[in-house]
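Below is one structure, written out as structure tokens; comments come after it.
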Amino acid sequence: MLIQAGIPQAGASTEPVGIQLFVAEHCIVADEPFYFPQGEPSPGPDGARAKFLPLIGLVVGKLAELFINHEMGESASRIKAKGARRDTRYAMSRTMNLYRADLDGTPVPVINAALGCMTIVAAKLLPATTSCKAAYIPKALAPGSEDQPQDRWQTSRTDDSVENQLRRANICVDGRASAVYEARFEFSKDGTAYRLRDAGYRIESLLTTGDPKARRSALYTLKVSAPSVTDQQDVLSSAWVKLGTVSAGSRSAGGTDAAAPWLRVPPMSPEARRVFEQETAPQQEVVAQIDALTRAITRNQRLLDGLDQRIAAASGDVADGLKQERTKTAVQIQLQGAQLDARSAELRELPHSPLEFMPVSIEVAVTETESEKKADLALADLIGVSGGMVASAVGAAATEVLSKSADESDLKFDSAPPDPATEMASARAAYYDAWVEVESHGDGSAAATKRLVLAKSRYNELRRASGLEILP
């Protein structure tokens, strides 16, 4: 269910417009795809004509797969009238999960794919039970456009309104939308830093004044917070997009400014890490055994190849001894192969549905001020630093800001503490390597047994620190 969140417009006599926040893998408006007219095949990557898919079925199916609509609403415990800015409209998401782990291979927590784009809609929405997908008029490609470069494609549809585009995601607007803003989440390659980039906006009317000739300096901010039952938010990260001066009727296809600062991605909390390790333990243990067995088979196969070469060059007792060693190694490979098949079958039987971890809430604030200077002060206030700082100083004051450069080398830190996930994975791999060595040699040598005891001790130490049961 969608609930309007916001503060009444100053001087407005009509019902106040609230803002709603949608988080999806792709932008709803900026990434709206072209569709080929009914009966006309679309060109494939090699220029050949591909079979046409049913239009409405494609639209609905893709949205069902990609679009995640998190319920929005006023947050009485966080956005209070006495603490809200009069030049700002707010929306708060309900809890969503910041991290996700796929279970098709080694479970690794990564940033949730749903954090691809956020769409801010300032409008009065129809009741949550309303469905308007069927009324969406697709962005059909005009005849003759397919031979042009894609940036010159034209559409033949007659309704190119933002209200129609929103229907693609079943966002049903009552009347006209006051404004729609979109921003993309950009992540560094290692997933430890992110920034927001303006993906475009359409402003029918300003939110803070009914004067159609008024001009305002606009920005919107985002806060990622840990859920709390109190009025005090545990803000994990803040980001922002400055749009500059806008007015009623302003349009933009997206900003080209690449100077947006990189911000730290909130790391997994200790509790989220514990839950991740606990929930994915069966998969991690089996995958670790598979990896250890695969490494052992590879080592033994290399040993076998080396023995074959030595046997070919040897004779007499030396050759007989090498042949016995070869037989022993071949038996180990057979045993390890059988264990590998069993573990692979066990992995196939385990659940494969992805899991999500670390619940967070997202608050968005859209601000319209009368000057750029006031916008700078509002930005400092909204992200929680000194209200007297201008935007040029905000980057230096906000501890989560890393750099305004896109250079990956700027995002590395020599003094970073050890990653608990890396330590756990390394200890797990060492333990199972030692386990396979002992298993492959029966009772095992004293040295191999000692390595297993030490590796197990280290692995259990990390498991205990993560709140997991220790291995017997």
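Points worth noting:
Residue by residue, here is whether (1) farther than 21 Å from Ala253 by Cβ; (2) in contact with a Lys or Arg (Cβ under 6 Å, 6 or more places away or on another chain) holds:
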residue	(1), (2)
Ser156	no, no
Asp160	no, no
Ile171	no, no
Val180	no, yes
Asp190	yes, no
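- From the list Gln301, Gln289, Gln283, the one residue that fits, being in contact with a Lys or Arg (Cβ under 7 Å, 6 or more places away or on another chain) and of a type outside the set (A, V, I, L, M, F, W, C), is Gln289.
- Residues located in the range 160-175, provided they are loosely packed, with under 13 Cβ neighbours inside 10 Å and farther than 12 Å from Val29 by Cα: Gly175
- Residue list for the range 435-472, restricted to those being small (Gly, Ala, Ser) and either within 25 Å of Arg274 (Cβ to Cβ) or in contact with a His (Cβ under 6 Å, 6 or more places away or on another chain) (or both): Ala455, Ser457, Ala465, Ser466, Gly467
- Members of the range 98-146 found to be touching an Asp or Glu at 6+ places or on another chain (Cβ under 7 Å) and either in a loop (DSSP other than H, G, I, E, B) or surrounded by fewer than 15 Cβ atoms within 10 Å (Cβ to Cβ) (or both), listed by number: Asn112, Ala113, Ala114, Gly116, Lys124, Leu126, Ile137, Lys139
- Residue in the range 213-222 that is outside any strand (DSSP E or B), touching a Ser or Thr at 6+ places or on another chain (Cβ under 7 Å) and surrounded by 20 or more Cβ atoms within 10 Å (Cβ to Cβ) present: no
- Verdict on Val436 being more than 19 Å from Val286 (Cα to Cα) and assigned to a helix (DSSP H, G or I): no
- Candidates in the range 151-191 are the residues that are in contact with a strand residue (DSSP E or B) (Cβ under 8 Å, 6 or more places away or on another chain) and hydroxyl-bearing (Ser, Thr, Tyr); of these, the one that is farthest from Ala134 (Cα to Cα) is Ser188.
- Test: Ser426 is modelled with pLDDT under 80 and of a type in the set (S, T, N, Q): no
The values are calculated or read from the model by the stated rules, or taken from the named source; none is laboratory data. This one's a predicted model, so the numbers in the text were calculated from it and none came from an experiment. Here the Cβ is made from the backbone with ideal geometry for all residues, glycine too, and neighbour counts use every protein chain on show.
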